[in-house]
Structure formats: C-alpha cells, structure tokens
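*Asks:* Below is the structure I would like to discuss, written out as structure tokens.
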Amino acid sequence: MEFKEFTAKNVDDAITEACEQLMVTSDRLEYEVVSNGSTGFLGINAKPAVIKARIKEETKETVEVKEPVKEAVKEVKKETKKEEPVKEEVKTVKATSNINADECIKKANDFLKDVFGAMNMEVTVNSMFNAEDNVLDVELSGAEMGVLIGKRGQTLDSLQYLISLVVNRDCDDYIHVKVDTENYRERRKATLENLAKNISYKVRKTRQSVALEPMNPYERRIIHSALQNDRYVTTHSEGDEPFRRVVVTLKK
C-alpha cells in the first residue's frame, strides 16, 4: 500500500486522522513525520503538521508463524468436541470448583511446549490457576513476542483458543483461559478505547456513521463499553464472524 499524506494541527492529531481514514488502530499504522508544524506567533503564520502513513504490511515472520498454529488447530479439533462458544455476553461460572489446578496447568504447559517446539521459539511460560473464578492465566515471555502476538493479536488469540480446547477436554466445569505477553491485552485495550473516542468525535463532527475494522468479540466489547455512556453516539455490531464489526452512529 502506498503512503498517503495527512495534515492536522499537530502530529498526534495527524496520526489520529490517518487511523480514522484508514480504519485501523495506531498499532497497525506505519508513518513518517514530514513536518512537525508550528503554532506561529499568536496564531499568525501557523503551519500544520504533516505525516505520510499507510497500513503496516504483514511481515514474513508473521506469515510463517501461522502455519504451526493452523496445524495445531486441526489436530486439537480432531481430538475434542468441546469448543469455547463465541459470545459477546459474559458467561456465568460456579463459585466452587473440583478442578485439579496442577493438572490443568500441566495440560496447558505441555501443549505450549509442543507448539513452541514446532515454531522453533524459546518461550518462558508462567501459568497460574484461579480456582475461585475458574480462570487459567498464561503469561508468555521471550525474545520474539512481537511475532507471537501476530497481526492484531491473532496468533495470541489462536493460542488462547487452543489452550482452552486442551484444558477443557474431559472437564465438567468450564475453565476460562487468558493468554498474554508483554501486557499486550492492556495496551490493545487502551488503543481501542482511544480509537473509540476519536471515532465518536468524527461521527459527531460529520454526522455520518463509521464502521470499524472487523474485530473479535472481546475487542468489540471494549468499543461498546467505551461508548456506552456517550451522550451523542451509539454502537451496534454488524456482519458475521470473523468479519463482524462495530458501527458507530449518531443518536437521534
């Protein structure tokens, strides 16, 4: 994709404008600053900031890392029928559980050891089980976490899905699985919340609805939540998975 030029009062606003027009979050934006602009003297001779931006291209490493994950998906699906339902509503879990925490952690760690071995990656896995909420938290660390996160977190989400299949096999109580690395989930949440506010401003300004890029249910919930108390706009989802997206519209 060719670079496009964007202008605004300052560089931050120019980046926001680029994200809005290209319909991507800032972590997927590749840009270079042409001019930082200037405020001038008392507003006289003020110059806008100028940047050139485009959507980041998918790297060769990201493409290559998907194949082992795809193969792992096929193998796990062959061995289990219990899949994590894709729903936007919050699931209710039991307050008490008979789950063997050590066995649950061992299942996840053994599976990840095989996956990372197939990927030729050295990854440190730190797994903790919260028996009260039936949640397995898996924290990954290593030198190649950018590749492991993947495009918009897709590789990380795939690993989370696969671990969920593995640990919930032959298990009476449903176990929620959360996989993270380098605090990516929180950073992504902050990026989406900032995008939601920028889109809200654009809808109020142009009085036209804006459809965001396709997102998974978790990320759509972040957008909905960020704008649920907005006085001027409302949100809803359109389309079918995996192309379902949030649409921001002006309140009547």
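*Asks:* Return yes when ASP133 is in contact with a Lys or Arg (Cβ under 6 Å, 6 or more places away or on another chain) and either at pLDDT 90 or above or part of a loop (DSSP other than H, G, I, E, B) (or both) and no when it is not.
*Replies:* Values: in contact with a Lys or Arg (Cβ under 6 Å, 6 or more places away or on another chain): no; either at pLDDT 90 or above or part of a loop (DSSP other than H, G, I, E, B) (or both): yes.
When the stated conditions are applied, ASP133 does not pass them.
*Asks:* Let me ask something else. I'm trying to understand the selection: among the residues of region 214-252, which are among the β-branched types (Val, Ile, Thr) and either in contact with a helix residue (DSSP H, G or I) (Cβ under 8 Å, 6 or more places away or on another chain) or under 16 Å from THR191 (Cα atoms) (or both)? It would help to see each step written out before you state the result.
*Replies:* At the first step, the residues of region 214-252 found to be among the β-branched types (Val, Ile, Thr) are 222-223, 233-235, 246-249.
Selection gives ILE222, ILE223, VAL233, THR234, THR235, VAL246, VAL248, THR249.
*Asks:* Quick check on VAL135: is it surrounded by fewer than 16 Cβ atoms within 10 Å (Cβ to Cβ) and under 21 Å from GLU103 (Cα atoms)? Give the derivation first.
*Replies:* Numbers: surrounded by fewer than 16 Cβ atoms within 10 Å (Cβ to Cβ): yes; under 21 Å from GLU103 (Cα atoms): yes.
It is true that VAL135 is surrounded by fewer than 16 Cβ atoms within 10 Å (Cβ to Cβ) and under 21 Å from GLU103 (Cα atoms).
*Asks:* Please work out if GLY153 is at pLDDT below 90, in contact with a helix residue (DSSP H, G or I) (Cβ under 7 Å, 6 or more places away or on another chain), closer than 24 Å to TYR218 by Cα and not in a loop (DSSP other than H, G, I, E, B). Before the answer, list the steps.
*Replies:* Working: at pLDDT below 90: yes; in contact with a helix residue (DSSP H, G or I) (Cβ under 7 Å, 6 or more places away or on another chain): yes; closer than 24 Å to TYR218 by Cα: yes; not in a loop (DSSP other than H, G, I, E, B): yes.
Here the answer is yes, as GLY153 does meet what is asked.
*Asks:* Are any residues in region 225-251 farther than 16 Å from ARG152 by Cβ and either touching a residue at least 40 places away in the same chain (Cβ under 8 Å) or touching a Phe, Trp or Tyr at 6+ places or on another chain (Cβ under 7 Å) (or both), and if so, which ones?
*Replies:* Hits for region 225-251 are SER237, VAL248, THR249, LEU250, LYS251.
*Asks:* So, one more: How many residues does region 186-204 contain that are buried (at least 18 other Cβ atoms within 10 Å of the Cβ) and either out of contact with any helix residue (DSSP H, G or I) (no Cβ under 9 Å at 6 or more places or on another chain) or without any contact (Cβ under 8 Å) to a residue 12 or more places away in the chain (or both)?
*Replies:* Adding up the residues that qualify gives 1.
The values are calculated or read from the model by the stated rules, or taken from the named source; none is laboratory data. None of the values given here were measured: they were computed from a predicted structure. Counting neighbours? That spans all protein chains shown, and the Cβs are built from the backbone with ideal geometry, glycine included.
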